[in-house]
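What follows is calculated from the coordinates using simple rules that are stated; it is not laboratory data. Small disclaimer: the values here were computed from a predicted structure and weren't measured. Cβ atoms come from the backbone with ideal geometry, glycine included; neighbour counts cover every protein chain shown.
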Amino acid sequence: MTSTALPTTDDLRALARARLRAIGVRVTEGGDLPARTPVTGEHLFGLTAATGDDVEEALAAARTAFLTWRTTPAPRRGDVVRRLGELLREHKGDLADLVTVEAGKIRSEALGEVQEMIDICDFAVGLSRQLYGRTIASERPGHRLAETWHPLGVVGVVSAFNFPVAVWSWNTAVALVCGDTVVWKPSELTPLTALACHHLLARAAEETGAPRDVHRLLLGDRAVGELLVDDPRVALVSATGSTRMGRAVGPRVAARFGRTLLELGGNNAAIVAPSADLDLAVPSIVFAAAGTAGQRCTTLRRLIVHRDIADALVDRLAAVYGRLPVGSPFDDTTLVGPLISTAALDTMHDALDRVRAQGGKVLAGGNRRLAEAAPAAAYTEPVLVRVDGQTDVVREETFAPILYVLAYDTLDEAIALHNDVPQGLSSSIFTRDQREAEIFLSAAGSDCGIANVNIGTSGAEIGGAFGGEKDTGGGRESGSDAWKAYMRAATNTVNYSGALTLAQGVSFL
Ligand code: NAD
């Protein structure tokens, strides 16, 4: 099914300009950094990328602002984030339209992404009064032992195209209340949403009296990111993107003993047990696998189904896949918008060719759509592929809507298959058997940072910590105590006894 006609690139350009203007951003055109839209695949604006001098100036300014910001009381630091949250509420529709223009998300997912920003602002404002350290029992009389959390410094945020604004907000809202300043290098594929967010935060800073340079934006490609990665003034590099990017960034930051928070690729799986409620499982699986056109780090990519129900489940999924509306993300009936680029579509087709050569059978989907109407765009039907084993292509993350289906006989085998990939981000089990659910959540179960029961792999709430293990990079962002990555802990021992008592019973002098 293809939903109605696409907007023209001129319409999209006018829409982007209007939404940016409503937010207060005027686009200066004529630069060499292209802003494109995946909706038609065409060029919108020529923006200007940051130069090496711009990076130097931004880092110096952010470092200077940090010296003031770190001693601003944390609840006062929360004021700027509270104001940002208000501005995001006010401009929710404007920002969502920009997300759709630039990342191709359908309207409800674009609104959901902005809602996620609002939610993390609320969370961070509360956090600004809860940056708790512990008091620890001292072994010495008349001594107090405590842990204090201090701001870290400048945080360099490098973000991916597929969550162009939410990932920034997870990092920035929390980093700001923790007393850090932020320099952001967004994906080169999504500069417009970045300009909008930066402008709203600059306004929030001005209105709440925060230093102007608590946040700086640097547009550009990986070369700009590399300058942040290598600069010792950047205390923490929080980088979200492919595992390939993380492999380049991690060792470079480690070489200067900087800190990293890496949020990298996933290859997420769900196990469907014989007792699963299939009426619940089918829509959960389809949203997780085909939603966002398969371009979430938490997208469901592998379905591990008990052999007794595999054929029945696959038939039901194939029927739904056959009628998923693919088309303009501005059309309310569309569920699957475009891939980010035709290069992403080529990568998808390459993976499908390889999996066919490895014995995989395409059960539904996979055809390109709207190629005549928009040859530069990349619309595709999500695809369902039955495979006998976990071949190399199944073990890779292909950032497109391909769902590989495998059959299993025992839960041990299902968990072994589940964990036998390099990545470790999100996972789930569909079962009504509590024992199976608990095994899946136990230390002997899923090896991922996110493990769910009777819910898909994608669509996490901000209250929990978000991130994954192994090739996913090990970072944790957003809720729970992820804030600790943005601060440094100091252990304080205070002697109020008037006598010198050495630890471990040591005597000296
Ligand atoms: P990407 O790796 O191509 O780019 C991500 C960002 O890193 C961009 O801003 C890019 O300019 C920058 N970059 C690339 N190489 C760099 C280098 N050597 N030094 C410094 N910066 C560099 O990723 P993408 O295509 O934009 O996003 C898709 C990928 O991101 C997928 O693998 C997806 O799973 C992953 N992702 C992960 C999470 C998560 O939280 N785990 C969230 C969103 C996306």
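Report relative contact order for the range 272-397 in percent, whole number only (criteria: Cα-Cα under 8 Å, sequence separation at least 6). Dividing the mean separation by the residue count of the range 272-397 yields 23 percent. Computed over the range 1-112, the Cα gyration tensor eigenvalues convert (square root of 5λ each) into semi-axes of 33, 21, 11 Å, ordered from largest to smallest.
Can you sort His198, His418 by how many other beta carbons sit within 10 Å, fewest first? Write down the numbers at each step before the final one.
Working: His198 21, His418 27.
Sorted ascending by nearby Cβ count, the order is His198, His418.
At a Förster radius of 30 Å, what calculated FRET efficiency corresponds to the Cβ-Cβ distance of Asp230 and Asp350, to the nearest 0.05? Kindly include the intermediate steps, with their values, before the conclusion.
On the way: r = 33 Å, r/R0 = 1.09.
Computed FRET efficiency for Asp230 and Asp350 comes out at 0.35.
The packing ranking of peptides 293-304, 114-125, 136-147, 243-254, highest mean first, is 293-304, 114-125, 243-254, 136-147, where packing means the average number of other beta carbon atoms within 10 angstrom of each residue.
Available extension along the chain between Asp315 and Arg212 is 31.4 nm, counting 0.36 nm per residue and deducting the alpha carbon span. Bridgeable lysines around Lys470 (alpha carbons under 23 Å apart, same-chain partners fewer than 8 residues away excluded): Lys484. What the Cβ-Cβ distance of Ala5 and Asp32 gives, at R0 = 45 Å and to the nearest 0.05, is a FRET efficiency of 0.90. Over the chain, all Cα pairs binned in 20 Å intervals from 0 give whole-percent P(r) values of 23, 52, 22, 3, 0, listed from short to long. In this structure the amide hydrogen of Val305, modeled in the peptide plane, comes within under 5 Å of the amide hydrogens of Val272, Leu406, Ala407, Tyr408, none closer than 5 places in sequence on its chain. Compute the FRET efficiency between Ala443 and Val362 as 1/(1 + (r/R0)^6), taking r as their Cβ-Cβ distance and R0 = 35 Å, and round to the nearest 0.05. Efficiency, from the Cβ-Cβ distance: 0.40. Contact order for the chain, expressed relative to its length and based on alpha carbon pairs under 8 Å spaced 6+ residues apart, stands at 18 percent. Model label points for Thr391 and Thr68, set 7 angstrom from Cα along the Cα-to-Cβ axis, are 6.0 nm apart. If I fit a long axis through the Cα atoms of helix 166-177 and take the longest principal axis of the Cα atoms of the chain, what angle between them do I get, 0 to 90°, rounded to 10? Between helix and principal axis, roughly 10 degrees. So what's the angle, to the nearest 10 degrees on a 0 to 90 scale, between helix 307-322 and the longest Cα principal axis of the chain? Helix 307-322 sits roughly 80 degrees off the main axis of the chain.
For Leu33, Leu127, what's the fewest-to-most ordering of other Cβ within 10 Å of each Cβ? Could the numbers behind the result be given before it?
Values: Leu33 16, Leu127 22.
Ordered by Cβ neighbours within 10 Å, fewest first: Leu33, Leu127.
3J(HN,Hα) along the range 333-343: 8, 6, 10, 10, x, x, 6, 5, 7, 5, 5 Hz, from the Karplus curve 6.51 cos²θ - 1.76 cosθ + 1.60 with θ = phi - 60°, whole Hz, x for Gly and Pro. For the chain, DSSP calls about 40 percent of its internal beta bridges antiparallel.
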